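One structure is given below, encoded as structure tokens.
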Amino acid sequence: MMKTALTLCSGVLVAGTVLCFAQAPLSPPAETSVSINGKQITIKYSAPSMRGRKIFGGLEPYGKVWRAGANSATSLHTDADLDLGGLKVPKGDYTLYVWLDPDQWQLIVNKQTGQWGTEYSQDRDLGRIKMTMSKPPSPIEKYEISLTKEGADKGQLKLAWENTIATVPFTMK
């Protein structure tokens, strides 16, 4: 009887452990990429959800740098030189951050790579780009970054979450 009870308890513990590890992460890894003229641009990030929270001006206060996602730093890889909203970005690897402001976000391209998302060093900035701001027709539950082709050598980078859409155009060189 005791052996049966112990076996049953062990089975419950193992099943509970498996269920804990099987749950999807709250901010799952995500990726977006676009190919233009045979050259690839890729952004890797973690995509949090609102889950009933006020995001911008709440969880993420204005007047500070945001990691443009969750968990590890948001990474940008480009196979070609870019003109990103007027900023010259040589081909290579970068980290993206955003300066949050209620009226005008700035996309930050940073030369430090491989760090945790909250490890920001302003002295490693390649530059900052003012983003075009708009509002979605309804709140966006899950954070999304997208890269889209907009012409022969042009595209758009878009960040969308909660009540905000921020975009910046780019040209591949």
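The values are calculated or read from the model by the stated rules, or taken from the named source; none is laboratory data. It should be emphasised that the depicted structure is a prediction, and the values quoted were computed from it without experimental measurement. Cβ coordinates were reconstructed from backbone atoms using ideal geometry, including for glycine residues, and neighbour counts include every protein chain displayed. Surface accessibility is based on the protein's heavy atoms, side chains included, excluding ligands, DNA and RNA. Shrake-Rupley method; radii C 1.70, N 1.55, O 1.52, S 1.80 Å.
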Whole-Hz couplings from phi, Karplus 6.51/-1.76/1.60, listed for the stretch 84-93; x for Gly and Pro: 9, x, x, 8, 7, 10, x, 3, x, 10
Leaving out ligands, DNA and RNA, what percent of the accessible area of the chain is carbon and sulfur, probe 1.4 Å? 56
Cα-centre dipole for the stretch 98-173 with unit charges at Cβ (Lys and Arg positive, Asp and Glu negative), debye to 20: 300
Which value, in Å² and to the nearest 10, is the accessible area of Asp79 when all protein chains are kept and the probe is 1.4 Å? 60
If one compares the long axis through the Cα atoms of helix 2-22 with the longest principal axis of the Cα atoms of the chain, the angle in degrees, nearest 10, works out at 10
Which one, Tyr94, Pro48, Ser134, projects farthest toward the positive side of the charge dipole computed for the chain from Cβ point charges (K/R +1, D/E -1)? Pro48
Can you tell me the accessible area per residue over the chain, all protein chains present, probe 1.4 angstrom, in square angstrom? 56
What does the charge dipole of the chain about its Cα centre add up to, to the nearest 20 debye, if the Cβ of each Lys and Arg holds +1 and the Cβ of each Asp and Glu holds -1? 200
What number, in nm² with one decimal, is the all-direction average of the projected area of the convex hull of the alpha-carbon atoms of the chain? 13.5
Quick check: with the 1.4 Å probe, what order do Thr118, Thr78 take by accessible area, largest first? Thr118, Thr78
Residue-level accessible surface for Ser35, protein heavy atoms, 1.4 Å, Å²: 60
With all protein chains in place and a 1.4 Å probe, Lys88 shows an accessible area in Å² (nearest 10) of 130
What aspartates and glutamates does Lys173 reach when the alpha-carbon gap must be under 20 Å and sequence neighbours fewer than 8 apart in one chain are set aside? Asp79, Asp81, Asp83, Asp93, Glu150, Asp153
Between Ser27, Ser138, Ser146, where does the largest GNM mean-square fluctuation fall for the chain, given springs only between Cα atoms within less than 10 Å? Ser138
